[in-house]
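Each remark here refers to the structure printed beneath this line.
No value in this document is a laboratory result; all are computed from the given coordinates. What you see is a predicted model, and the numbers here were worked out from it, not measured in a lab. A quick note on method: Cβ atoms are made from the backbone with ideal geometry, for glycine too, and the neighbour counts reach across all protein chains shown.
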């Protein structure tokens, strides 16, 4: 079953006619939210939401694709699915650490438990959010990370 991150969102919350406050904040230039999720619906809807909120985004269908593109000049944060074919979110975090490229990371999962939450903290993730995530919550987390951890 495909679960969209925004299954709980009200359509009027994304209406351009009357955008909510969290959608009208100033954009954050040169700061990118890297969205890594194997589910195309989740990946595309996350990028659309972030871009509507003025946040530049790049989408990746796998951890391998993201790691190939990650370079030393990357600035931003990572929204990383925990359960993906190939490299898991935890394995992507480990590879980032080995490359010396530790951007702030929010892990996502459709299912969590106490052990997973403890592993997420130990791995260096800023947060572990359970899908579906409310749009305002997601945009708030991303804006906070970009403001606190990015220069420029």
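Listing for the model above:
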{"quantity": "Order of 64, 69 under a 10 Å beta carbon neighbour criterion, fewest first", "calculated": "69, 64"}
{"quantity": "Protection proxy ranking, peptides 33-45, 119-131, average beta carbon neighbours within 10 Å, highest first", "calculated": "33-45, 119-131"}
{"quantity": "Theoretical gain in end-to-end length, residue 75 to residue 122 [0.36 nm per residue, Cα-Cα removed]", "calculated": "14.7 nm"}
{"quantity": "The range 30-149: relative contact order in percent, alpha carbon pairs under 8 Å with at least 6 residues between", "calculated": "24 percent"}
